[in-house]
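J.: Right, I'll just put the structure down here and ask away after.
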Amino acid sequence: MKRIGKTAALAAMMMMVPASAYAAGLADTSLVTGTKELIADATVIITGLLAAIAALVLLVLFVKSFFASDEHEKAATNRKMRGVAIGFAVALSVSGLLAAITSYFQ
């Protein structure tokens with residue numbers, strides 16, 4: 001019973017203090033805006049680099065697969081191409097997740 005009373009008292013005290021009074025000035029600080037801009041810029045740069053690298057690797061693997069004489073070599077190269085494509089898709093998903101997280105700061 002004592003625990004319930006302490007929890008109720010703590011909840012009542014928390015409701016008396018407006019949380020917006022503490023968070024109102026934080027949104028406009030240079031820490032928050034700078035972090036938001038840093039994440040957005042880094043996401044764009046990393047996504048562009050990943051797209052260029054993935055396209056280059058896929059092109060090289062496609063040419064290797066096209067000129068492969070052995071079926072086992074062709075199958076191995078196709079598996080590598082699939083792995084690169086999946087890795088690029090995961091990287092784009094992380095990029096989208098970062099964009100979604102930074103949208104909450106606005």
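The values are calculated or read from the model by the stated rules, or taken from the named source; none is laboratory data. As the structure is a computational prediction, the values presented were derived from the model and not from experiment. No Cβ is skipped: glycine too gets one built from the backbone with ideal geometry, and neighbour counts run over all protein chains shown.
J.: Can you list residue pairs whose Cβ atoms sit under 8 Å apart, with the first residue in the range 36-64 being more than 11 Å from Phe88 (Cα to Cα) and the second being among the small types (Gly, Ala, Ser)? Count only pairs 6 or more apart in sequence or on different chains.
T.: Final answer for the pair search is Ala40/Ala99; Thr43/Ser95; Thr43/Ala99; Ile46/Ala91; Ile46/Ser95.
J.: Please work out which residue is modelled with the highest pLDDT, limiting yourself to the range 44-54 and to residues that are among the β-branched types (Val, Ile, Thr) and surrounded by 13 or more Cβ atoms within 10 Å (Cβ to Cβ).
T.: Ile53
J.: In the range 55-70, is there at least one residue being surrounded by 12 or more Cβ atoms within 10 Å (Cβ to Cβ), of a type in the set (A, V, I, L, M, F, W, C) and either at pLDDT below 85 or outside any helix (DSSP H, G or I) (or both)?
T.: yes
J.: Sticking with this structure for a sec: Quick check on the range 71-106: of everything there that is surrounded by 11 or more Cβ atoms within 10 Å (Cβ to Cβ), at pLDDT below 90 and among the polar types (S, T, N, Q), which residue is farthest from the chain's Cα centre (by Cα)?
T.: Ranking the qualifying residues of the range 71-106, first place goes to Thr102.
J.: Filtering the range 20-43 down to residues that are at pLDDT 70 or above and among the charged types (D, E, K, R), which residue is surrounded by the most Cβ atoms within 10 Å (Cβ to Cβ)?
T.: Taking the candidates together, the pick is Lys36.
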